[in-house]
């Protein structure tokens, strides 16, 4: 069964986020904001195992390991300042139950480190959640 939750470029949850992490040519990291939520009214998201008691998590994932940038180059946080201490490749917890609607979106701060990768789009990287169910 599919769920209506997804990753978006905008806080109104209208523009779907495409897979990929941008690696820029400057020496610093690339920061961006992604929004996680569902524009469908009246929906609730919980984990598939232990719904309502286990944490929903968001993590970077690699659709083609060894083919480009690695998940360890992606840091996630719930605040911009949290990116400074975030661990590359680690998941973040966003709650045990989420409600739909743009007002209830989760703001995810994403930092991509350059590492040894060339400049460009590492389109094998994406964000994912643990197993979830929607009601």
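None of the figures in this text is laboratory data; all of them are computed from the coordinates on show. Just so it is clear, the model here is predicted, and its values are computed rather than measured. Neighbour counts run over all protein chains shown; Cβ positions are idealised from the backbone, glycine included.
Quick notes
- The stretch between residue 55 and residue 33, if pulled fully straight at 0.36 nm per residue, gains 5.8 nm over its current Cα-Cα span.
- Here the residues 46, 32, ranked from fewest to most Cβ neighbours within 10 Å of their Cβ, fall in the order 32, 46.
- The modelled label-to-label distance between residue 87 and residue 15, using points 7 Å beyond Cα along the C-beta direction, is 3.4 nm.
- Residue 2 versus residue 72: modelled label distance in nm, points set 7 Å from Cα along the beta carbon direction: 3.6 nm
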